[in-house]
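The values are calculated or read from the model by the stated rules, or taken from the named source; none is laboratory data. In this text the structure is predicted, and so the values were computed from the model without any measurement. No Cβ is skipped: glycine too gets one built from the backbone with ideal geometry, and neighbour counts run over all protein chains shown. SASA here: full protein model, heavy atoms, side chains in, ligands and nucleic acids out. Shrake-Rupley method; radii C 1.70, N 1.55, O 1.52, S 1.80 Å.
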Amino acid sequence: MTDLSAKVERCPGLYCGRIPLGNNNYSECGACPRGYQPNEESICLACDSEPTFYDWMYLAFMALLSLVLHWFFIDYTNRKKTTKSLISLHISALLESIIAAILTLLLVEPYGSLTVRSCPVSKLSDWYSMLLNPQPNYTKTLYCTQEIVYPLYTIVMIYYAFSLLLMMLVRPVISYKFTEKKGTKSIYAALYFHPVLIVLQAMLSGLLYYSFSYLVIAASLITGVIHLSGCDLSSYSSVTKDIFLNGRNLTILVGHWFLHAFGIISLTQLTQLEIHLPILALVPFPTIFFILTIQFSHPSHLEDVN
């Protein structure tokens, strides 16, 4: 391969390549076919690797982002309703996400399998090849826009499309028959935030890929504190009872713990278990610290200080 590729003139730009035509012949410089990636000699080679652990965590994050928003709006738009009547909507959102993920995996190469054939990601610019089309001699632009990070860019959009379609088919029936139309507002909300998520993936996917673990850790801490601040904070016993003996509050708290652990796992990738597992054991520590210090930080005590 090295001897043959050495005879081929390298294409301009980072992502332009030549397609092998046989008999040591190659096409003109341009975009590689989908599922291919140019090598250092600008020859388009089929990607035959599998997503790394970090890649799977990124895909899981984008799926969780949609699911968490579904659950949030189901709860937020029905605060005055009983929690039990909304369980069917929460379960429906979970099943929709799982089915959408399975259908998405079945429709990417290799087709009909839950495995994925992917191209390796090496740098941030791999996500934005459309911004790096070369202009040889500052004359005509050579368009080499392609999915260098195949299929991490499009697979998320396919998942969102399936998730939205399944929601529109299933959720109205669940809302009408089991919750007395209590889930209609959450359906309308999803019709807004799903297109927003697709635009977010289209424009900021590369930035999210390299920063999502930090965002999850920060968001889980901030939203966790906001949730805890809405509990009964009059005393240690009351705050403990309101957090751990209230089904809704406990579920939300455990959800925050899960997201916090998810962020730590994606950041560390558990490469050193002897160090990273003890860190995971500290996931509930912010909650415990909040409870133990509430008597010192409660806003009502500011008057005593003055």
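Brief remarks follow.
- Evaluation of I265 against (1) touching a Leu at 6+ places or on another chain (Cβ under 7 Å); (2) under 30 Å from V149 (Cα atoms); (3) surrounded by 18 or more Cβ atoms within 10 Å (Cβ to Cβ) (one fails), failing number: (1)
- One residue from L89, L67 being touching a Lys or Arg at 6+ places or on another chain (Cβ under 8 Å), surrounded by 13 or more Cβ atoms within 10 Å (Cβ to Cβ) and either part of a helix (DSSP H, G or I) or among the aliphatic types (A, V, I, L, M) (or both): L89
- Taking the listed residues V156, V116, the one that is under 28 Å from S211 (Cα atoms), assigned to a loop (DSSP other than H, G, I, E, B) and touching a helix residue (DSSP H, G or I) at 6+ places or on another chain (Cβ under 7 Å) is V116, with no other qualifying.
- Complete set of residues in the stretch 250-262 that are in contact (Cβ under 8 Å) with a residue 12 or more places away in the chain and open to solvent by 60 Å² or more (accessible area, probe 1.4 Å): W257
- For the stretch 39-64, taking the residues that are assigned to a loop (DSSP other than H, G, I, E, B) and charged (D, E, K, R), the one that is least open to solvent (accessible area, probe 1.4 Å) is identified as E41.
- Of all the numbered requirements in (1) open to solvent by 70 Å² or more (accessible area, probe 1.4 Å); (2) closer than 24 Å to S27 by Cβ; (3) among the basic types (K, R), R117 misses one, and that requirement is (1).
- Residue within the stretch 271-288 that is in contact with a Phe, Trp or Tyr (Cβ under 6 Å, 6 or more places away or on another chain) and either within 22 Å of I74 (Cα to Cα) or of a type in the set (A, V, I, L, M) (or both) present: yes
- The residues in the stretch 246-261 that are within 15 Å of L67 (Cα to Cα) and touching a helix residue (DSSP H, G or I) at 6+ places or on another chain (Cβ under 6 Å) can be counted, and the count is 3.
- L114 meets all of the listed conditions (1) under 21 Å from the mean Cα position of the chain (by Cα); (2) more than 19 Å from C32 (Cβ to Cβ); (3) touching a residue at least 40 places away in the same chain (Cβ under 8 Å) but one, namely (3).
- Test result for I275, in contact (Cβ under 8 Å) with a residue 12 or more places away in the chain and out of contact with any strand residue (DSSP E or B) (no Cβ under 9 Å at 6 or more places or on another chain): no
- One residue stands out among those in the stretch 13-38 that are of a type in the set (A, V, I, L, M) and closer than 15 Å to Y128 by Cα: the one that is least open to solvent (accessible area, probe 1.4 Å), which is A31.
- In the stretch 168-192, residue farthest from the chain's Cα centre (by Cα) [restricted to those that are of a type in the set (K, R) and surrounded by 13 or more Cβ atoms within 10 Å (Cβ to Cβ)]: K182
- Each residue in the stretch 193-243 was checked for being open to solvent by less than 50 Å² (accessible area, probe 1.4 Å) and assigned to a loop (DSSP other than H, G, I, E, B), and 3 pass.
- Residue list for the stretch 122-144, restricted to those being of a type in the set (S, T, Y), open to solvent by 100 Å² or more (accessible area, probe 1.4 Å) and in a helix (DSSP H, G or I): Y138
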